[in-house]
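See below for the structure under consideration.
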Amino acid sequence: MRISEGGKLFSVVISVFLLVNACKGEQVDGEAQPFSRLAAGVWSLSSFPNPMTQKHECGRGNVAGTGSKVCDPEGVLSFESANVVENTLNTIQTELGLEMAVAVMRTLASGPTEESMRHFAKGLHDQWGVGSRDKNDGILLVLAVDDRQVYISTGRGAKDQLPDNTIDQIIARMKPSLKKADYDAAVEKAVREVGQVLSSGALDDESTWLDRWGGWLFFAVILLVMLGGPIKEWFDKQNYKKCKAQLESLDSARKRAASNIYASTSCPICMENFPEEPKTEAKTDTNQGDTSGQADVAGDEIASGSTSPPPPPPAAKHTPPADDKTTPTCLPCGHVYCLGCITTYMHKEVSGQTPQEPLILFSV
């Protein structure tokens, strides 16, 4: 049977029309989507299964009962982790009276954006009917791993117990595990922390000492940098003044030695000045008349050459008190040191040997 030219032309027109419609795609969540995004593993609201009525399609066929609260059709979560999540969700409902569900997938047909995820999660929340219809207190966690999007949808009845800022914290705590592609840990942690907030009203503090004190530590470092220079300069000035005073003391001693009026005022070892001796008033002798007479007699005797003046009494030799380390102490050679320095030297081993002969010390 031969097909007329008109029939061939009609067939070509029909083929082109079908091809154009296929390339345009179909309406998904109110928007036209390319045909390439409707392949397997790309989900829309109309194609994603409901675990409460389609648990086999959600990969939860082994769960007892007629339905489940977890839908993971592509098996992103391990079977064991999905069971842990399911048990936690059941505990939240039985002990806290709130229903929560979890949806996990690879990617959304509407695109990998925050707005697409928010629209999908809200629509899926309503489509599944999570929570009490009277109280509108359901909670739904949706995770699209390839789109790197996660959203927690809450009904108005759960807003007071699970406010937006707490949800942001829970999602932020999921991110370290999500970055390592540890989806089991991320979802388990999120569900567990939702239950914790619903029961106690707050999350556990997971901050480290650096998180708590990092700001103060940074401020202290900045303050140290700002004040370190002036503080160092002040100490340098004090050391300079001390060194200058010691050098001036040495210079003064050198000048006195050159003038044959040398008297040691500081220890050559530690360079510290000796303590000043208290000034005492001279005692007056009540027998001034007799003393002057004796002086006259002595003068006559010296003048006549009959007798020589008696020698001065020798200096008393004694060991200075051990409790005052700054006491000036004179050695037999005439050098003066403070008691602490010379005592340390006497007991110090020199070349592996300790001086055996004791030194005789004179008080100055």
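Coordinate-derived values only; no laboratory data. Not measured: the values here are computed from a predicted model. FYI the Cβ positions are ideal-geometry reconstructions off the backbone, even for glycines, and counts take in every protein chain you see.
So the values come out like this:
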read-out: Cβ-Cβ FRET estimate between Asn90 and Leu224, R0 fixed at 56 Å, reported to 0.05; value: 0.50
read-out: Principal axis box of the stretch 47-193, alpha-carbon based, largest edge first, Å; value: 36, 36, 26
read-out: Descending Cα extents along the principal axes, the stretch 86-158, whole Å; value: 36, 24, 15
read-out: Extension gain, Gln169 back to Leu217 (0.36 nm per residue minus Cα-Cα distance, nm); value: 14.8 nm
read-out: Ranked packing of 81-90, 128-137, most packed first, by mean Cβ within 10 Å; value: 81-90, 128-137
read-out: Mean Cβ count within 10 Å, highest first, over the residues of peptides 227-235, 151-159; value: 151-159, 227-235
read-out: The stretch 109-240: proportion of alpha-carbon pairs further apart than 17 angstrom, %; value: 69
read-out: Entries in Lys55/Lys180; Lys55/Lys189; Lys159/Lys189; Lys135/Lys180; Lys55/Lys159; Lys69/Lys159 that, when Cα-Cα distance is taken, lie over 26 Å; value: Lys55/Lys180; Lys135/Lys180; Lys55/Lys159
